Amino acid sequence: MSLQELIPLPHLTLLTLLALLSAVFILIAAGISRSKRGNWAHLPPGPAAMPLVGNLFQLPWKDLPRSFAAQSHYYGPLYYMRIINRHFVAINSLELAQALFDKRGATYSHRPRMVMAQEIIKRDTMLFMNYGPEFTKSRRLISTFLNQKIASKYWPAQEIESLKFVLSVRRTPADVLELTRWTATSLIIRLLYGIEVKDKEDPLVHLAEDFARLTSESTKPGKWLVDSFPSLRHVPAWLPGAGFKRWAKYAKARMEEFSWLPYTIVKNNIAAGRITACWTAEKLLEKTEPLTAQEEKDIRHAATSIYSAPYPITFFTDAGGSDTTPAMICTFILLMLRNPSVQKKAQEEIDRVTGGTWVPGMQDCEMFPYVNCVIKELFRFNPAVPLVPHSLQEDDFFEGYFIPKGTWVMANMWGFMHDETRYPDPDLFSPERFEIGEGKQPQDDPLEIVFGFGRRSCPGYLLALSSVYLNVIHLLFAFDIVPAKDAKGQEIIPPVEFGDAHVSHPKPFVCDIRERDPERIIWLEHALQSLQ
Ligand code: HEM
């Protein structure tokens, strides 16, 4: 077996091979002296590492969260691995994740270093930023868009997008999974830039998809040698073997386009006197005096951070175009298909309240306790972000364990949600576990956990929750989600299988989405007209 086969490094050329060999000597020397030295003897437990490559061949590249949870029975709740010269710690206990990420937030609120993405392409949106003054400034600006006080201001736009989504599903039910992404992008573009996206072929939707793909490529572990050997970033782009530099140039330009295009549309609209209500226009017009170049940059940058946030980083696989809210809706469709009794119970609740003659919106949310339990169970069963990576910029000691600076410290969110001491029978999809009533003790609310930790917790959680709620209630109001049939008329029941990307999507599956009653579609159309 060749080195290229052993280590997944597609750009292994003469230049990179030389860099690799010189690094080998340095690493072996450093490794030998380290392993004998103080702190390094106190790393958290983990499998024995091989010289140089560390645990590269023991890392289960598939289904990491489940595998980390299983390994924790053997190694304990903190589990250490080294891949070449990068350190990883998996946290498999919610209490420990809170102790590190919440209580020691000043230390553990950085993001892991990704040289290709952060330093060469200069992907500097909030999700990638280290904790510090720039991050705090950016987060403060973003909170003027995403905060509890103004969350309800977005409800009408969210209702419009959700109704448009459901009516599009009715026209092309086979496209339902793809339409979930279009509706999420469309909502965020409307709120940030006041632009109405007509359909999934809109150039802004394509740009968002491209952005997601390029982000995914640039953060793929093992793909870029420069991530393991950062000094390679100084190699000039014209050198043979420096193809990564040329790719980075292309990716950077395309990502800049993603940031500039919608922003420029808003600016041109303002200049032409066509002001549409949206966050970017509001910010640009907030002051009476002209904005400085830096202030304009901050606004554009914050908008890009939000616009791109639901398409975050793909840490562990090659799956591109991941996104959070659509991941939850696709999971919901899969689970309804597989759990007809839950679907029926939720529909009966909706029908009892509405009589099938009016379309529920955000204001009516509390009238549907069972639907709310379904949503909680959806987030528990398959949290959209199953591994949450933080990092630290100085060495730390925690409960006697040494955690070196730069370690990828990963909270196993999936593991917390499938911890049977917290959620008995965790692989069973059972919204009833959250029901409140006489003699019932609801289990811990997953919505207080799945959006992350402390200073880095998801600022978009309210927007995300209301979008999920609206899509779910509108789908259940309008349709029965049932198994598709094969050529022999047999029902196709898709397995519960998820991809390995940073955002966990179900693997593609087929289903049949049937209109419940033509009159309900008329109610949906009326509701949309009255909102527009
Ligand atoms: C189902 C939907 C969503 C889920 C489950 C989710 C979950 C998460 C998680 C787990 C994190 C990382 C937290 C941490 O590091 O501790 C995060 C970060 C983030 N999310 Fe979300 N998210 C969702 C939707 C959204 C939406 C709709 C937006 C914006 C419109 C958004 C904006 C952000 C931003 C800006 C960050 C980066 C925060 C930082 O690095 O400090 N998210 N999200």
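The values are calculated or read from the model by the stated rules, or taken from the named source; none is laboratory data. Note that this is a predicted model, so its numbers are computed, not measured. Reconstructed Cβ throughout: ideal geometry from the backbone, glycine too, with neighbour counts over all protein chains shown. Calculation scope for accessible area: heavy atoms of the full protein, side chains included, ligands and nucleic acids excluded. Shrake-Rupley method; radii C 1.70, N 1.55, O 1.52, S 1.80 Å.
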note = If amide H atoms are modeled at 1.01 Å from N in the peptide plane, then the residues at a separation of 5 or more from Phe479, or on another chain, having amide H under 5 Å from its own are Arg516
query = So which GluC sites (Glu not before Pro) in the stretch 478-532 pass both tests, a DSSP loop state and at most 12 other Cβ atoms within 10 Å of the Cβ?
reply = Glu497
note = Against the 2.2 N^0.38 Å rule of thumb, the C-alpha Rg of the stretch 3-531 sits at a ratio of 1.02
query = Setting aside same-chain residues fewer than 8 positions from Lys345, which aspartates and glutamates have a Cα under 16 Å from its Cα?
reply = Glu377, Glu432, Glu435, Asp480
inquiry  = I need to check one value: relative contact order of the chain, counting alpha carbon pairs closer than 8 Å and at least 6 residues apart, in percent.
reply    = 22
ask   = Pairing the Cα long axis of helix 369-381 with the longest principal axis of the chain, what angle in degrees results, from 0 to 90 and rounded to the nearest 10?
value = 20
key: Residue among Ser186, Gln294, Gln529 farthest towards the positive dipole end of the stretch 3-531, charges placed on Cβ   = Gln294
note = XL table Lys344/Lys507; Lys164/Lys245; Lys62/Lys164; Lys200/Lys220; Lys198/Lys488; Lys223/Lys485; Cα-Cα > 32 Å flagged, in table order, is Lys164/Lys245; Lys62/Lys164; Lys198/Lys488; Lys223/Lys485
request  = With a cut-off of at most 14 other beta carbons within 10 Å, and DSSP calling the residue loop, which trypsin sites (Lys or Arg not before Pro) in the stretch 30-111 qualify? Please list them.
outcome  = Arg37, Lys62
Other-chain or far-sequence residues with amide H under 5 Å of Tyr131's (modelled H) = His110, Arg111
Trypsin sites (Lys or Arg not before Pro) restricted to the stretch 427-532 and DSSP loop, no more than 12 other C-beta within 10 Å = Lys488
inquiry  = Output the 0 to 90 degree angle, nearest 10, between the alpha-carbon long axis of helix 14-36 and the longest principal axis computed from the alpha carbons of the chain.
reply    = 80
key: 18 Å Cα-Cα reach of Lys283 towards lysines, excluding residues that sit fewer than 8 places from it in its own chain   = Lys137, Lys149, Lys153, Lys267, Lys297
task = Using a 1.4 Å probe over the heavy atoms of the protein chains, calculate the carbon and sulfur portion of the accessible area of the chain as a whole percent.
result = 57
note = Rounded to the nearest 10 degrees, the helix 518-531 long axis (Cα) sits at an angle to the longest Cα principal axis of the chain of 70
remark   = Note to self: C-alpha centroids of the stretch 120-152 and the stretch 334-376 sit apart, in Å, by 34
